[in-house]
Amino acid sequence: VVVIDHHRKTTEYIDNTVLFYHEPFASSASEMVSLLLEYTPTAEVSKGLAEALMAGIMLDTKGFIMKTGVRTFEVAAWLKQKNADVPTVKRLFSASMEHYRFKAQTVASAEIYHRSAISLVEGTHPDIRTIVPQAADELLAIDNVEASFVLYEADGFTIISARSMGAINVQLILENLGGGGHQTMAGAQLKGVY
């Protein structure tokens, strides 16, 4: 068992590992994997793998805005050398007009409470598990919003996707609800809570 993780270490972590690579200051697990590959001379990195790793970094850093350091950009440059095409990676995040409208409706229905945007999703969508985190990201663009929480119901659970610009630690908030994640991105599932 190999663990490569950039999240805060909690009491419930995997032991008995052959390799436990834990770095909470890394931008993403994709950055950490890229570093391992970069310093493994025999590793072959295909264009597809380079683009997948670049996508992971772009997702976790919100497009190189959050939790980036010099190393993040060095890894991105190395992935570019391995033929990662940024426009192709950006297209991986594209969506249909219906998807975009549902996300816009979720963002528009949000209420602001103590510097946090909170939205309860009305209805359902086949891509709801993708749309909700994107809506949570979008809500951070609102003036004076430091954290966002988007909630929806699925299979007897209330699912929460939380995002932050860093001033509010959403990981700690959602850990108290049985969830987890990272300081700026976290989630939780509450059974039987509506």
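The values are calculated or read from the model by the stated rules, or taken from the named source; none is laboratory data. The structure displayed is predicted, hence computed values, not measured ones. With ideal geometry, Cβ positions are generated from the backbone for all residues, glycine too; neighbour counts draw on all protein chains shown. For accessibility, only protein heavy atoms count, side chains too; no ligands or nucleic acids. Shrake-Rupley method; radii C 1.70, N 1.55, O 1.52, S 1.80 Å.
Ordering M58, A26, N16 by Cα displacement along the dipole of the chain toward the positive end leaves M58 in first place; charges were set at the Cβ atoms of Lys, Arg (+1) and Asp, Glu (-1).
Taking θ as phi - 60° and the Karplus parameters 6.51, -1.76 and 1.60, the scalar couplings of region 55-61 work out to 4, x, 5, 4, 5, 6, 9 Hz in sequence order, x denoting glycine and proline. Among T42, T130, T68, the sequence by solvent-accessible area, most first, with a 1.4 Å probe is T42, T130, T68. Scanning the chain for GluC sites (Glu not before Pro) lying in DSSP loops with no more than 13 further Cβ atoms inside 10 Å, the longest uninterrupted stretch between such sites is 45-121.
Net charge dipole, the chain: roughly 300 debye, given to the nearest 20, about the Cα centre with Cβ charges of +1 for Lys and Arg and -1 for Asp and Glu. Amide H to amide H distances under 5 Å link L120 with L151, where only residues 5 or more positions off or on other chains count and H is placed in the peptide plane. Each of E122 and T40 was given a label point 7 Å from its Cα along the Cα-to-Cβ line. The distance between the two points is 5.0 nm. For semi-axes √(5λ) of the Cα gyration tensor in Å, which listed value, [x] 30, 21, 16; [y] 25, 22, 15; [z] 41, 22, 15, comes from the coordinates shown? Structure-derived value, by its label: [x]. Pairs over the 26 Å Cα-Cα cut-off, from the set K62/K103; K47/K90; K47/K103; K62/K82: K47/K103. The distance from the alpha carbon centre of region 72-100 to that of region 166-192 is 27 Å, rounded to a whole number. When trypsin sites (Lys or Arg not before Pro) are flagged only if DSSP places them in a loop and at most 14 other Cβ atoms lie within 10 Å, the longest unflagged stretch of the chain comes out as 10-114. May I ask you to derive the FRET efficiency for N176 and R71 from their Cβ-Cβ distance with R0 = 35 Å, giving the value to the nearest 0.05? Between N176 and R71 the formula returns 0.65. Label-to-label distance, K62 versus N144, with points set 7 angstrom from Cα along the beta-carbon direction: 1.8 nm.
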